[in-house]
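Reading through the structure tokens given below for one structure.
The values are calculated or read from the model by the stated rules, or taken from the named source; none is laboratory data. Since this is a predicted model, take the numbers as computed values, not measurements. Neighbour counts are summed over all protein chains in view; Cβ atoms, including those assigned to glycine, are modelled from backbone coordinates with ideal geometry. These area figures cover heavy atoms from the full protein model, side chains too; ligands, DNA and RNA do not enter into them. Shrake-Rupley method; radii C 1.70, N 1.55, O 1.52, S 1.80 Å.
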Amino acid sequence: MVWRKSNPMPNFRGRRFTNAHETMIWAAKDKDARYTFNYESMKALNDDLQMRSDWLIPICNGAERLRDEEGQKAHSTQKPEALLHRTILAATKPGEIVLDPFLGSGTTAAVAKRLGRRYIGLEREERYAKLARKRIAQVSPVADLDAISIVAKRDEPRVPFGSLVERGLLEPGTVLVSHNKRWQAKVRADGSLITADFKGSIHQVGAHVQGAPACNGWQFWCYNVEGKLVPIDMLRQKVRAELN
Ligand SMILES: C[S@@+](CC[C@H](N)C(=O)[O-])C[C@H]1O[C@@H](n2cnc3c(N)ncnc32)[C@H](O)[C@@H]1O
């Protein structure tokens with residue numbers, strides 16, 4: 001991975017390139033080792049686009065930067081918490097142990113604690129170890145476990161659209177409306193949708209009306225709840241919650 005610094009320190013002497021990135025090694029013990037990669041979390045963190053291997057994150061400054069009594073930087077290479085947030089979220093599950101053998105001011109442990117992970121930190125300089133201990137003690141773990149749980153799509157139970165009809169969550173004959181209100185389709189008893197000229201799954205009919213190659217029908221089609229359009233995915237989530 002490459003951490004690209006959006007606000008790197010300038011090279012004051014003007015004798016070499018501005019040092020604007022750091023390389024991060026993402027590795028496992030051997031090629032058969034199992035490893036965690038929270039693909040869905042990374043995608044969610046990046047507005048539903050696959051997370052890239054180059055991360056544009058500012059260096060640590062502002063209120064996050066730890067200062068000593070004289071107002072000087074307490075550690076010269078304190079990492080930004082955003083960098084560790086992404087790293088820990090990508091590669092661990094809640095409750096797992098994160099090891100930082102060069103803990104410095106304690107950024108890794110502080111973020112690990114906040115995200116409900118355990119941590120081990122090594123630091124040879126007593127003043128930094130003290131700084132890190134104090135910092136970590138001030139961090140509270142996120143209390144709402146739902147907010148830090150990792151749910152991979154492949155782990156979620158499959159809920160066919162037809163099962164919503166079977167369960168009576170949508171009546172046959174219900175008219176679904178596209179989220180932009182341009183198209184309508186009627187729900188059939190077998191869980192398919194029908195328009196004036198086409199019949200198929202929620203995805204097929206969504207793609208057909210738009211003339212698009214594919215469509216996520218769960219997000220495209222909405223139903224009416226007290227005058228408001230709500231994606232049918234809400235009903236799927238309700239069923240999943242019951243199944244879980
Ligand atoms: C780049 S800094 C880490 C900064 C840290 N990520 C942070 O956000 O504050 C590296 C740290 O490793 C410590 N260190 C270097 N060699 C070490 C060793 N052999 N054992 C333990 N700590 C070591 C240094 O004292 C320094 O504080």
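Normalised by the number of residues in the range 157-243, the mean separation of alpha-carbon contacts (under 8 Å, six or more apart) gives a relative contact order of 25 percent. Counting only residues at least eight positions apart within a chain, or on another chain, the lysines with an alpha carbon under 28 Å from that of K186 are K153, K199, K228, K238. In the chain, the sites counted are trypsin sites (Lys or Arg not before Pro) in DSSP loop states with at most 14 other Cβ atoms within 10 Å, and the longest stretch holding none of them, exclusive of the sites, is 183-244. Taking amide H as placed 1.01 Å from N in the peptide plane, the amide H of H21 sits under 5 Å from that of K5, each at least 5 places away or on another chain.
Placing +1 on the Cβ of every Lys and Arg and -1 on the Cβ of every Asp and Glu, with nothing else charged, gives the chain a dipole about its Cα centre of roughly 640 debye. For the chain, the per residue solvent-accessible surface stands at 66 Å², with DNA, RNA and ligands left out and a 1.4 Å probe. Looking at the range 64-187 alone, DSSP beta bridges between its own residues are antiparallel in about 50 percent of cases. Summary of the geometry: the range 102-117 and the range 1-34, compared by the centres of their Cα atoms, lie 20 Å apart.
Taking a straight line from the alpha carbon of K181, these aspartates and glutamates sit under 17 Å away, with near neighbours fewer than eight places off in the same chain left out: E226, D233.
Counting heavy atoms of the protein chains alone, I194 has an accessible area of about 60 Å² for a 1.4 Å probe. In the chain, one over the average inverse separation of all distinct C-alpha pairs is 22.0 Å, which is the Kirkwood hydrodynamic radius. In terms of accessible area, using a 1.4 Å probe and ignoring ligands and nucleic acids, S53, S105 rank largest first as S53, S105.
Starting from the range 1-69, pick out the chymotrypsin sites (Phe, Trp or Tyr not before Pro) whose DSSP state is loop and whose Cβ has at most 16 other Cβ atoms within 10 Å. List each step's numbers first, then the result.
Details: sites: W3, F12, F17, W26, Y35, F37, Y39, W55; in loops: F12, F17, W26, Y35, F37.
Passing both the DSSP loop test and the Cβ count: F12, F17, W26, Y35, F37.
Model label points for S76 and H21, set 7 angstrom from Cα along the Cα-to-Cβ axis, are 2.4 nm apart.
Positive end of the dipole of the chain (Cβ unit charges, origin at the Cα centre): among H75, A27, L169, the Cα lying farthest that way belongs to H75.
For the range 1-147, lysine pairs with C-alpha atoms less than 27 angstrom apart, excluding pairs fewer than eight positions apart on the same chain, total 25.
Give the percent of DSSP beta bridges with both residues in the chain that are antiparallel, rounded to the nearest 5.
Values: 17 of 25 bridges.
Of those bridges, close to 70 percent are antiparallel.
Scan the chain and report its longest stretch carrying no GluC sites (Glu not before Pro) that are both in a DSSP loop and have at most 16 other Cβ atoms within 10 Å. My reading of the result: 126-225 is the longest stretch.
The alpha carbon convex hull volume per residue for the range 105-198 rounds to 178 Å³.
As a check on your grasp of the helix formula, calculate [θ] at 222 nm for the chain: sum -39500 (n - 2.57) over DSSP H runs of n ≥ 4, divide by the residue count, round to the nearest 500. Walk me through the numbers before you get to the answer.
Numbers: 9 runs with 72 residues, N = 244.
Counting only the DSSP helices, I get -8000 deg cm²/dmol.
Expressed as a whole percent, the accessible area of the chain that falls on carbon and sulfur atoms is 51 (1.4 Å probe). Going by accessible surface with a 1.4 Å probe and the largest first, D233, D68 read D68, D233.
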